[in-house]
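The structure appears right after this line, and notes come after that.
The values are calculated or read from the model by the stated rules, or taken from the named source; none is laboratory data. Quantities reported herein were computed from a predicted structural model and do not represent experimental measurements. Here the Cβ positions follow ideal geometry from the backbone for every residue, glycine too, while neighbour counts run over all protein chains shown.
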Protein chains: 2
Amino acid sequence: MTARPTLADVAAHAGVSASTASLAFSGSGPVSDATKERVLAAAAELGYAGPDPRARSLRRGRSGIVGVVLEERVRSAFLDPVKIRTLDGIADGIAPLGAALLLLPFTGGESEGATIEDAPVDAVVLIGCSPRVEHSLEILRRRGIPTVAIEGGPTGDDVPDISIDNRDATRRGAEHLRGLGHRDVGVVTLPFDAERTSGPVDAALEARASTQVTIERLQGARDVYPEAPAVAAATSSIEDGRLAALLLLADASGRALPAEARPTAIIAQSDLLAAGVIHAAEELGMTVPGELSVVGFDGIRVDGLRHDLTTLDQPSTDKGRAAGEAVVRLLAGEPATSLAFTSTLHIGDTTAPPAR
Amino acid sequence: MTARPTLADVAAHAGVSASTASLAFSGSGPVSDATKERVLAAAAELGYAGPDPRARSLRRGRSGIVGVVLEERVRSAFLDPVKIRTLDGIADGIAPLGAALLLLPFTGGESEGATIEDAPVDAVVLIGCSPRVEHSLEILRRRGIPTVAIEGGPTGDDVPDISIDNRDATRRGAEHLRGLGHRDVGVVTLPFDAERTSGPVDAALEARASTQVTIERLQGARDVYPEAPAVAAATSSIEDGRLAALLLLADASGRALPAEARPTAIIAQSDLLAAGVIHAAEELGMTVPGELSVVGFDGIRVDGLRHDLTTLDQPSTDKGRAAGEAVVRLLAGEPATSLAFTSTLHIGDTTAPPAR
DNA sequence: ACGGGCGGTCGAATCGATTCGGGCGGCTCG
DNA sequence: CGAGCCGCCCGAATCGATTCGACCGCCCGT
């Protein structure tokens, strides 16, 4: 009795065949109530905890698990509210499947453990864009695993991509600033590459950029302000937003630049970055939006920020949910198509006409 | 050729037996380089993506997946930096296993999908304490799945519990305040129960409290200030901390109470709550620590907070790592024991002698 | 009273890989 | 030159459950 009992043991104990016992558990198939009850009683008596999920998934061909590839360290992904909302949406979208989420580590390659190369998943959602998406897609395609990408950049026809209007939305934010009269506008961008190079954005950095979202949003800003100086943040966080903003607003000694030498508005590529920009401005003694207008992106509620941020409200949760629903459709054998969501400009109290 | 090739197909294509092909893939066992290469070549030619993880895990008896039960909605867990750090630590601790993390939904009961009742996991880590832990433990014990709890309260001998000195640590924080001369101290607590009842803490609420951590930390404060008024926050967030603090510092109309009618210090049961307390104080025109001292708990760096919070630095990541290591030991058949970590009082710039 | 129909149960094949014992050559050493 | 040994590969059993087709009474209609 040391080993865990198997379905066969239960069946024997109940005096039925294994197949009948199986039917009694799965509920599908014709089994008389009396028999079912006897099987259940035998199971209880033997301490049988239900069919082994491993064996079941081998036979059924499905594991009931959906993988999520975060494309970066689990840790940093957890710090990004947008990713969290997206995860939340995915969980919601796949709810009808009753599947659990398996967090797959970034596809570094030589990590020895469970990766997309070798995980018992029925489908996978790739979040975020990076050069690795391509590689990941290849593996998944070879394994024949239905895949959905979120902001995955160009994927094949077989992989639906859920995205938003990054460029267009940012352009609308920039046009809002232009409408207010701003002429000198700076940009604080998300990371450009996997190395998270931070600092002023020059042609060289732009050239080797590998993060689709960053590029698209920068293009949107450049559509209105072609000459806008940009500074890349190392991560999408308040602190890195603050550091990036200081490069636009202060001199090397940390003193605020004279009003005519600094931008009157900053477009931040995420709300966390925008919050950091506001902190930097206030730290330098500037008022927001009096002396500096700030536009964010995402539409998250930054915990602790006491401003109603002007931002581009993106439906992160909806994106995740759409990805989850696409997964459900793919698993049902139905086609799923790419989908682009639209962000809406939310005008808060962090933008106003420039002082000069 | 529409179906995915199996190991047997590859073996046939390479002109070897299935067993040899298996050895060629797993690397273990004596296989000549020539044969191995031929098998790999055949695999490449057939588009074979490696052994099916389902079959492998059935045979091997291990799935390479460790489940994590968050005991609350995935969404809210993601918003708690301590949980995230803990997850991070777990990921680190189980790294030698090369296992992936499976997020299991709170054990609500009637959720139909993958739960701890039915998930292909080799081990499980239960995070957080709630009345449900008991139920979860029962299921896992029956399934014979090695389990480790974090702040799980009283578990059996077979389930190691990783915890910290909640009561003692809070007491030390309170003693620090007493040493500074504070006599009127308020407490902002974590939620008391699954319903997240918020507002002033009375005997009734305390009686039906089900969250171990909240109670222990409150006891620690009461050890020094038996009469301290307490207000429960709905969640561990800056905003709810702010709301709770307002109940201690302001009257119904939102105006600050006169200095002699309000506490000179507030003990918050988490750093997020503490940040909210500071926001509330500043909003009411009080200075920190001049007119209000604030002590937090956790020792996270609150993104955007411009104070060096006096807090009880708890090793969240270490806790997670210890849990992960306990999992590794359990899976290796070695015994793993409960472990209590110690928090250290970090004295920042948010505590000072009271003004009066 | 007899044949068809049907609900309920059982046998056996199957899912795909792993693993262990055995066997077959070839090489080495006496 | 022969026996022994070793390296490499194969066969077959196994992991535990699911599922499809077969089978067997029993009930009902005529």
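Out of region B:134-151, which residues are acidic (Asp, Glu) and away from chain A (no Cβ under 13 Å)?
Those that are acidic (Asp, Glu) and away from chain A (no Cβ under 13 Å): B:GLU134, B:GLU151.
Is it the case that some residue within region B:45-54 is touching a Pro at 6+ places or on another chain (Cβ under 9 Å), within 16 Å of DNA strand D (Cβ to nearest atom), part of a helix (DSSP H, G or I) and basic (Lys, Arg)?
Yes: one or more hits.
Taking the residues in region A:177-189 that are touching a residue at least 24 places away in the same chain (Cβ under 8 Å) and assigned to a helix (DSSP H, G or I) as candidates, determine which candidate is surrounded by the most Cβ atoms within 10 Å (Cβ to Cβ).
Selected residue: A:LEU177.
Checking B:SER57 against (1) in contact with a strand residue (DSSP E or B) (Cβ under 8 Å, 6 or more places away or on another chain); (2) of a type in the set (Gly, Ala, Ser); (3) within 12 Å of DNA strand D (Cβ to nearest atom), which single condition isn't satisfied?
(1)
Check B:ALA280, B:ALA259, B:ALA275 and return the single one that is within 27 Å of B:ARG306 (Cβ to Cβ), free of Cβ contacts under 8 Å to residues at least 40 places away in the same chain and touching a Lys or Arg at 6+ places or on another chain (Cβ under 7 Å).
Only one candidate qualifies: B:ALA280.
Just give me the residues in region A:296-326 being of a type in the set (Ser, Thr, Tyr) and in a helix (DSSP H, G or I), in sequence order.
Across region A:296-326, the qualifying residues are A:SER316, A:THR317.
Determine if region A:75-84 includes at least one residue that is at the interface with another protein chain (Cβ under 7 Å from one of its Cβ atoms), within 16 Å of DNA strand C (Cβ to nearest atom) and at pLDDT below 90.
no
If you take the residues of region B:1-40 that are within 23 Å of A:ARG142 (Cβ to Cβ), near DNA strand C (Cβ under 9 Å from one of its atoms) and outside any helix (DSSP H, G or I), which of them is farthest from the other protein chains (Cβ to nearest Cβ)?
Of everything passing the filter in region B:1-40, B:THR6 is farthest from the other protein chains (Cβ to nearest Cβ).
What number of residues within region B:329-343 are touching a residue at least 60 places away in the same chain (Cβ under 8 Å) and surrounded by fewer than 19 Cβ atoms within 10 Å (Cβ to Cβ)?
Number satisfying all stated conditions: 7.
Since B:GLY50 meets every condition but one in (1) within 10 Å of chain A (Cβ to nearest Cβ); (2) away from DNA strand C (no atom under 11 Å from the Cβ), which condition does it not meet?
(2)
So for region A:24-35 (the condition being under 17 Å from B:ALA119 (Cβ atoms), within 8 Å of DNA strand D (Cβ to nearest atom) and surrounded by 16 or more Cβ atoms within 10 Å (Cβ to Cβ)), does at least one residue qualify?
yes
So the check is Cβ under 6 Å with 6+ separation or different chains; which pairs have a first residue in region A:296-317 that's more than 14 Å from A:ASP349 (Cβ to Cβ) and a second one that's acidic (Asp, Glu) and in a strand (DSSP E or B)?
The qualifying pairs are A:GLY299/A:ASP313; A:GLN314/A:ASP298.
Within 18 Å of the chain's Cα centre (by Cα), at pLDDT 90 or above and of a type in the set (Gly, Ala, Ser) - does that describe any residue in region B:142-163?
yes
For region B:283-303, how many residues meet the condition of being within 12 Å of chain A (Cβ to nearest Cβ) and either modelled with pLDDT of 95 or more or touching a Ser or Thr at 6+ places or on another chain (Cβ under 9 Å) (or both)?
Within region B:283-303, residues that are within 12 Å of chain A (Cβ to nearest Cβ) and either modelled with pLDDT of 95 or more or touching a Ser or Thr at 6+ places or on another chain (Cβ under 9 Å) (or both) number 2.
Does any residue of region A:191-203 turn out to be assigned to a strand (DSSP E or B), touching a strand residue (DSSP E or B) at 6+ places or on another chain (Cβ under 7 Å) and on the phi > 0 side of the Ramachandran plot?
yes
Please indicate, with yes or no, whether at least one residue in region A:165-176 is surrounded by fewer than 22 Cβ atoms within 10 Å (Cβ to Cβ) and modelled with pLDDT under 95.
No: region A:165-176 contains no residue that is surrounded by fewer than 22 Cβ atoms within 10 Å (Cβ to Cβ) and modelled with pLDDT under 95.
Among A:ALA21, A:ALA34, which is the only one that is under 21 Å from B:LEU58 (Cβ atoms) and either in contact with a Leu (Cβ under 8 Å, 6 or more places away or on another chain) or without any contact (Cβ under 8 Å) to a residue 24 or more places away in the chain (or both)?
The unique qualifying residue is A:ALA21.
Filter region A:283-295 for residues that are in contact (Cβ under 8 Å) with a residue 12 or more places away in the chain and part of a loop (DSSP other than H, G, I, E, B); which is surrounded by the most Cβ atoms within 10 Å (Cβ to Cβ)?
Looking at the filtered set, the residue picked out is A:LEU292.
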